[in-house]
Amino acid sequence: MAGSSFASEAKAGVIAKPRLTFWEIWNMSFGFMGIQFGFALQNANASRILQIFGADVHQLSWFWLVAPITGMIVQPLIGHASDNTWTRLGRRRPFFLIGAILAAVGLIALPNASLFVGFLPAVFVGAGFLMIMDASFNIAMEPFRALVADKLPSEQRTLGFSVQTALIGIGAVLGSWLPYIMDEWFNFSSIADEGKVPLNVLLSFIAGAAALIITVVWTVVKTKEYPPEEHLKFQGQSESKAADEHKGLSSIIEDFKKMPKTMKQLGLVQFFSWFALFSMWVFATPALATHVWGVPIDDTSSQAFQDAGNWVGIMFGVYNAISAVFAFFLPAIARKVGRKKTHAISLICGGIGLISIFVIKDQYLLLVSMLGVGIAWASILSMPYAILAGALPIHKMGVYMGIFNFFITIPQIVNGIFGGLMVKYLFGNQPIYSLVFAGLLLILAAFSVSRVEDKDEMVVS
């Protein structure tokens, strides 16, 4: 079956993309590891930092709105721009580099927000740096997805996104665990004066900035891109016809109207999945601090609260480590049962993992819960993109990957607006129920997968 789908690419007028070696695929996504290193630091520590600066737990989701809003705006624009850019560095790589530099600045500035306080409280300065960092991550992230689709033939696409997922997992493990390592192994203090970020977190963010720059530069140097004329040959399209389809930013609206059916079907799956993930990222620290460590909801400076925050980093590292390993098995599993069923089963595992946190009071047993979350995370980062890429035109891969980000950002925005209110009024000021609700949503996402059409599902090697 794979052969027949591949052959369909090689129809009259279309030149098949060459297969790449494993290490070529690895180098192509190596920079994403550094991006995720920084992103994981943000995910595991932003709530803690904002609470240290004075944010109330019910306000956390509002501050986290910065990420999806910037992503929704930035990613389609960057996707469109990279589709229509060709420089000495290629079409996608310039955006990797620019985004990495800006994100590194944000990583250094966020935990040091108190140094920049003038007329605004530190919490708002921190939120501003969080916005800069999120916008920069989006500038760097979006072209990486498009690059995999640009470079790989359909029969290697699942492998490409799985390798990318594995590297994301490795970077996320390092980023999530680093504050704990800085504290426990190197004795950098995890305690600071009220309103100050501990030294172990400060140094971790500086290390994350360095890792981000180094890995992205590696990808820029080691990866070559196909020039525009070769891209046209891969889809049997004339240069003039392609030029007619690029009419400035207004074309993004037209592309949105013409989004493939598969993208629309994946939208519901993505909504449930990313609403759940956002809840986990935002409320994990207060949920565990109150539910497991027994910390009062308004305590943000005690040793117990910091211990809970450090352990959240460990848990996030575990689920990312699981995802990095499981990602290598995804192509084989998908080949046996199909991409849709693989994704559905993975999401159910994640749902069970999050729900189980409610009944576990031992911090070490919580790591078992992360097994299911890691399986779901690996699939969320690869399967929807592998399914989607088969339904997209090659010359619009960037803009459609950016538009697809709407289905990631919208549920996060909805959660950001209502998540804190749900904790306060629906869950009785107990953020642990946000994690339970997130688990139920992942299970709903699994059932939604059955509605999705995968045009080249058998092309999964």
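Structure notes:
- Reported count of residues in segment 85-96, each being crowded, with 19+ Cβ neighbours inside 10 Å and in contact (Cβ under 8 Å) with a residue 60 or more places away in the chain, is 5.
- Search result, residues across segment 342-359 that are out of contact with any Ser or Thr (no Cβ under 6 Å at 6 or more places or on another chain) and touching a residue at least 24 places away in the same chain (Cβ under 8 Å): THR342, ALA344, ILE345, LEU347, ILE348, CYS349, GLY350, GLY351, ILE352, LEU354, ILE355, PHE358
- Of the set (1) touching a Pro at 6+ places or on another chain (Cβ under 8 Å); (2) among the polar types (S, T, N, Q); (3) at positive phi, all apply to ASN429 but (1).
- Any hit, segment 222-229, residues being modelled with pLDDT of 90 or more and touching a helix residue (DSSP H, G or I) at 6+ places or on another chain (Cβ under 7 Å): yes
- Looking across segment 256-270, the residues that are assigned to a helix (DSSP H, G or I) and more than 14 Å from the chain's Cα centre (by Cα) come down to PHE256, LYS257, LYS261, THR262, MET263, LYS264, GLN265, LEU266, GLY267, LEU268, VAL269.
- For segment 274-286, the criterion of being in contact with a helix residue (DSSP H, G or I) (Cβ under 6 Å, 6 or more places away or on another chain), buried (at least 20 other Cβ atoms within 10 Å of the Cβ) and farther than 27 Å from SER382 by Cα is met by at least one residue.
- Exactly one residue out of SER162, SER190, SER176 is hydroxyl-bearing (Ser, Thr, Tyr) and surrounded by fewer than 21 Cβ atoms within 10 Å (Cβ to Cβ), and it is SER190.
- Selected residue [hydroxyl-bearing (Ser, Thr, Tyr), touching a helix residue (DSSP H, G or I) at 6+ places or on another chain (Cβ under 8 Å) and modelled with pLDDT of 80 or more] from SER136, SER154: SER136
- Meets criteria (in a helix (DSSP H, G or I), of a type in the set (A, V, I, L, M) and under 29 Å from PRO227 (Cα atoms)) for ILE73: yes
The values are calculated or read from the model by the stated rules, or taken from the named source; none is laboratory data. All values reported here derive from a predicted model rather than from experimental measurement. Glycine also receives a Cβ, built like all others from the backbone with ideal geometry; neighbour counts cover every protein chain displayed.
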